[in-house]
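The values are calculated or read from the model by the stated rules, or taken from the named source; none is laboratory data. None of the values given here were measured: they were computed from a predicted structure. Neighbour counts are summed over all protein chains in view; Cβ atoms, including those assigned to glycine, are modelled from backbone coordinates with ideal geometry. The accessibility values were calculated without ligands, DNA or RNA, using every heavy atom of the protein model including side chains. Shrake-Rupley method; radii C 1.70, N 1.55, O 1.52, S 1.80 Å.
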Amino acid sequence: MILNDVHRGITKYKKRKRIGRGPGSGHGKTAGRGHKGQGSRAGASNHPTFQGGSMPLVRRVPKRGFNNRWAMTVAVVNVGQIDQAYEQGEEVTLQSLAEKNLAKGCFDVLKVLGDGEITKKIKISAHRFSKSAVEKIEKAGCEMVVLPGKTTVAQKKRLAAKENREKNK
């Protein structure tokens, strides 16, 4: 093997398959659809979960409970983790937590929980704080900043109704 022959004949973009262009192409006559049957007809398509007539896996698997697709995803950080990761006088923000891999992934709300101890004076910004976390943070003399969370549609409607009432007075 010669090194410059390795990539010879490999092109970046593959030519599209031209179907129904005669027997010489290898994809003529039935154009890759085969003879008769559902797949050979025009406009043929079946359900994505269709499994040849047997009961689909989606219907066979038992379903329990309720999955709330509109629920907020809450990221959790413990007071002890913050104490280990941050130095005296540092500021705990959503960005700094992400940089230190304490609040990973995509989330709507950050909650600080009270597991562990905090000894350093730190400014902590989060959406929610547990009661035990509040006690430990205040005991250590740290500063807490409660960030505004997402406003729900119901909250927006309530605010709009309140503003309308105030205008009409």
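What the table shows:
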read-out	value
Value of Rg/Rh across the range 89-138 [Cα atoms, Kirkwood radius]	0.94
Potential lengthening between R64 and K139 on full extension [0.36 nm per residue; Cα-Cα distance subtracted]	22.6 nm
Probe 1.4 Å - accessible area at T30, Å² to nearest ten	50
³J(HN,Hα), Karplus 6.51/-1.76/1.60, whole Hz, each residue of the range 97-114, x for Gly, Pro	5, 5, 5, 8, 6, 8, 10, 8, x, 9, 8, 8, 9, 10, 10, 9, 9, x
Length-normalised contact order for the range 93-168 - Cα pairs under 8 Å, 6+ apart - percent	26
Contact order relative to length of the chain, as percent, for alpha carbon pairs under 8 angstrom and 6 or more apart	14
Among G114, G37, S54 - extreme Cα towards positive end, dipole of the chain, charges at beta-carbon	G37
Derived scalar couplings ³J(HN,Hα) [the range 115-129; Karplus, 6.51 cos²θ - 1.76 cosθ + 1.60; whole Hz; x for Gly, Pro]	7, x, 10, 10, 10, 9, 7, 10, 9, 10, 10, 7, 7, 9, 9
Using alpha-carbon coordinates, inclination of helix 131-140 to the longest axis of the chain, degrees	50
Solvent-accessible surface (1.4 angstrom probe) belonging to S125, in square angstrom, nearest 10	10
Loop trypsin sites (Lys or Arg not before Pro), the range 68-161, which have at most 11 other Cβ atoms in a 10 Å radius of their Cβ (DSSP)	R69, K104, K150
Degrees between helix 153-168 axis and first principal axis of the chain (Cα, 0 to 90, nearest 10)	60
Cubic angstrom per residue, convex hull over Cα atoms of the chain	416
Within straight-line cross-link reach of K104, lysines at Cα separation under 19 Å, skipping those fewer than 8 residues along the same chain	K150
Size of the range 117-169 as Cα extents on the principal axes (Å, biggest first)	52, 21, 16
For the range 62-112, size of Cβ-based charge dipole, Lys and Arg +1, Asp and Glu -1, in debye	660
Span per principal axis, largest first, for the Cα atoms of the range 79-169 (Å)	53, 29, 21
Reciprocal of mean inverse Cα separation for the range 31-89 (Kirkwood radius, Å)	18.0
